[in-house]
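Quick notes on the structure that follows.
Read-outs: derived from the displayed coordinates by stated rules, not from any lab. This is a predicted model, so every value here is computed, not measured. Note that we place each Cβ from the backbone using ideal geometry, even for glycine, and neighbour counts take in every protein chain shown.
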Amino acid sequence: MPVQDLEKIFQEKIDQEIKIEPRDWMPEAYRKTNIRQISQHAHSEVVGMLPEGNWISRAPSLKRKAILLAKVQDEGGHGLYLYSAAETLGMSRDEMISDLLSGKAKYSSIFNYPALTWADMGAVGWLVDGAAILNQVMLCRTSYGPYARAMVRICKEESFHQRQGFEALLVLSRGTDAQKAMCQESINRWWWPSLMMFGPKDSESTNSDQSMKWKIKRKTNDELRQQFVDMIAEQIKVLGMRLPDDQLKWNEERKHYDFGEINWDEFWNVVKGNGPCNKQRLDARKKAHDDGAWVRAAALAYAAKKINTKNEKAA
Amino acid sequence: MNDPLNKYILHLADNALILAQRNGEWCGHGPILEQDIAITNISLDLLGQARNFYQYAASLQGNDATEDSLAYLRIENEYRNGLLVEQPNIDWAQTILRQYFFSTYQYLLYEKLQAADDAQLAAIAAKALKEVSYHLRWSREWVIRLGDGTAESHRRMIQAVDALWRYTGELFIPADYENQVGVDVSLIKDAWTEQVNVVMAEAGISLPEKTYMQTGGKQGIHTEHLGYILAELQYVQRAYPNSSW
Ligand SMILES: [Fe+2]
Ligand SMILES: [Fe+2]
């Protein structure tokens, strides 16, 4: 069948909301875009373990320690589902990881910000997982089947993370003056970076049109960002804290909150590798990978020995 | 605060908490994602056990004691964990071997503890036994895999034995409080030794014949590592006293 016909059938499936499965024909660019996006998403889950992992040993109560351990472990699990989903498109996990470590593959810039106080564990759950959820809820309906199914499992856990994060902040917001100050300071630092998580403005975004046509994405960056602002602007009232944006205001006409301009220089600077923790995060991943090399080699060698003795017995 | 049952419960809790804290250091840094998740899971199980014991001890103590006041506001010499669990992670071999030695011990201990007269202790042990049997299986498989894997993994296992063996003897010497309550740990020593010998033989690792066994942890005299563990563990509670989290 000529490629034009295959492409036509492919697009018809998408238009009829039929999921694309690993064995189906797909345009090379669709495959590449999905590999790029899913592996980037997987890397974000795994790198995202670092800022929060950094507080496990210092969590202020045993209950919070248990919640945090379970949360960071969930993120590792998300990484696993997503690597598996990306592998169905023909790239191995090893290749994806080596692209991460070489800097070729990206991960979400939000994890290049430091987690400096206990309140950050709340703010990250509430704002960062909160922003991630909006993107991920949309991705539950993405056109590539394995990605959509991975997202359905992940979304359930993410909304739990967001609630736990909010609840951790709620306790601080009702605590001592020092705790209240810690809570507000953390929100101040995480608010703008979490708005940046939705990516460049629609007018600047290069990949958006084709991804919308292929239903990899179903909402634009700006739509998702607005949805996030509207949600958080309401939730913060419960905390009795404020968002660090003087221009944040309900717009009765638009039925949305207006908000101030993102610092796009900062956004691009972090994307280019100059965020406060870009180097530390990548170094930590490299160290784990290098330190683990002998362990993986031992596991392979042992498994090979076992197969050999099995075969010898069978022979 | 000083009665043997209270000391004994805290001893059980401290063992579980300190090893949970050590294993938790791996979270996000494991040798491969699946094992990162596995060691974090073990950390979580141990933390859950510690909480059950602390809550029980707190309920016996009364006077506003809570699981957190017990974990966060006691100092080094009030901690009664064995020296083994506070030893640093160093590498995957030492982490695995520490877990294997401890899980083998903990399994035998809880097996007896679930029949204890104290219904609460018996219930906690019975509930934890399923978790511990998974920790034991997982760490046993890794001990064999590393011992019988590559030359390097074999060498690292030998180093791990050299580092940790000296802290195993203490597990089976009853502390004063263990003479009065709980399981007589001297009675599980033979079973432990026998099981460990079988697994180490399969791993191709020989155990030292004569090693001086370090003791003291169970009486509150620790290695220098514990101070650092508690400094991290307790930092927020100490920096912001009388707050809820
Ligand atoms: Fe996640
Ligand atoms: Fe999450």
| query | So what's the net charge close to residue A:13: Lys and Arg +1, Asp and Glu -1, counting the other residues with Cβ under 14 Å from its Cβ? | reply | -2
| said: Quick check: the angle from helix B:33-61's long axis to the longest principal axis of chain B, C-alpha only, nearest 10 degrees? | reply: 30
| remark: Any DSSP H helix in chain A with Cα axial reach of 15 Å or more and mean Kyte-Doolittle score of at least -1.0? Listed by number, the hits are A:3-15, A:28-47, A:62-87, A:145-173, A:177-196, A:221-239, A:293-314
| task | Give me the distance in nm between label points sitting 7 Å out from Cα along the Cα-to-Cβ direction at residue A:31 and residue B:207, one decimal. | result | 5.5
| Could you list, bin by bin from short to long, the percent of Cα-Cα pairs of region A:270-315 in 5 Å steps? | 5, 19, 13, 12, 11, 9, 9, 7, 6, 5, 3, 2
| Per-residue ³J(HN,Hα) for region A:263-277, Karplus 6.51 cos²θ - 1.76 cosθ + 1.60, θ = phi - 60°, Hz, x for Gly and Pro | 7, 6, 4, 4, 3, 5, 4, 5, 4, 6, x, 9, x, x, 10
| task | Taking 7 Å along the Cα-to-C-beta vector as the label spot, tell me the residue B:75-residue A:223 distance in nanometres, rounded to one decimal. | result | 6.2
| Going 7 Å from the Cα of residue A:291 in the Cα-to-Cβ direction, what parts of region A:83-121 have a backbone nitrogen less than 11 Å from that spot? | none
| request: Enumerate the residues in region B:204-245 having an amide nitrogen under 13 Å from the point lying 7 Å beyond the Cα of residue B:64 toward its Cβ. | output: B:241-244
| remark: Between residue A:18 and residue A:5, the two model label points (7 Å from Cα along the beta-carbon direction) sit apart by a distance in nm of 1.5
| said: Using a Cα-Cα cut-off of under 17 Å, which lysines could be cross-linked to residue A:286, ignoring same-chain neighbours fewer than 8 residues away? | reply: A:104, A:106
| Averaged over peptide B:229-236, how many Cβ atoms belonging to another chain are found within 10 Å of each residue's Cβ? | 4
| query | Say R0 is 41 Å: what FRET efficiency, to the nearest 0.05, do residue A:307 and residue B:133 get from their beta-carbon distance? | reply | 0.90
| message | Please rank B:199, A:152, fewest neighbouring Cβ atoms within 10 Å first, as an exposure proxy. | response | A:152, B:199
| Around residue A:79: net Lys/Arg minus Asp/Glu count, Cβ-Cβ under 11 Å | -4
| request: Fewest Cβ neighbours within 10 Å first, please rank A:186, A:44 accordingly. | output: A:44, A:186
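Rounded, prolate or oblate: which fits chain A, taking a ≥ b ≥ c as square roots of the Cα gyration tensor eigenvalues, rounded meaning a/c under 1.5, else prolate when a/b beats b/c? Can you show the working numbers first?
Values: a/c = 2.08, a/b = 1.23, b/c = 1.69.
Verdict is oblate for chain A.
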| Interchain or long-range residues, amide H under 5 Å from residue B:66's placed H | none
| task | Would you grab the residues whose amide H sits under 5 Å from the one on residue A:256? Only those 5+ places off in sequence or on another chain, please, with H modelled 1.01 Å from N. | result | A:251
| query | Using a ≥ b ≥ c from the Cα gyration tensor of region A:128-209 (square roots of the eigenvalues), is it rounded, prolate or oblate, where a/c under 1.5 gives rounded and otherwise the larger of a/b and b/c decides, a/b for prolate? | reply | oblate
| query | Given 0.36 nm per residue, what is the gain on full extension from residue A:140 to residue A:152 after removing their alpha carbon distance, in nm? | reply | 3.8 nm
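Starting from the Cα gyration tensor of the protein assembly as shown, take the square roots of the eigenvalues, sort them a ≥ b ≥ c, and report rounded, prolate or oblate (rounded when a/c is under 1.5, otherwise prolate if a/b is larger than b/c, else oblate).
On the way: a/c = 2.46, a/b = 1.42, b/c = 1.74.
Cα axes put the protein assembly as shown in the oblate bin.
What's the exposure ranking of A:1, A:212, A:151, going from fewest to most Cβ atoms within 10 Å?
If I rank by nearby Cβ atoms, fewest first, I get A:1, A:212, A:151.
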| message | Using a Gaussian network model on chain A with a 10 Å cutoff between Cα atoms, which of A:205, A:159, A:108 fluctuates the most? | response | A:205
| field | For region B:187-204, 3J(HN,Hα) per residue [Karplus equation, 6.51 cos²θ - 1.76 cosθ + 1.60, θ = phi - 60°, Hz, x = Gly/Pro] | value | 7, 9, 4, 5, 4, 4, 4, 5, 5, 5, 4, 4, 5, 5, 5, 5, 7, x
| query | Using θ = phi - 60° and the Karplus curve 6.51 cos²θ - 1.76 cosθ + 1.60, what whole-Hz ³J(HN,Hα) does each residue of region B:213-230 get, with Gly and Pro shown as x? | reply | 8, 6, 9, x, x, 5, 9, x, 9, 10, 6, 5, 5, 4, x, 5, 4, 5
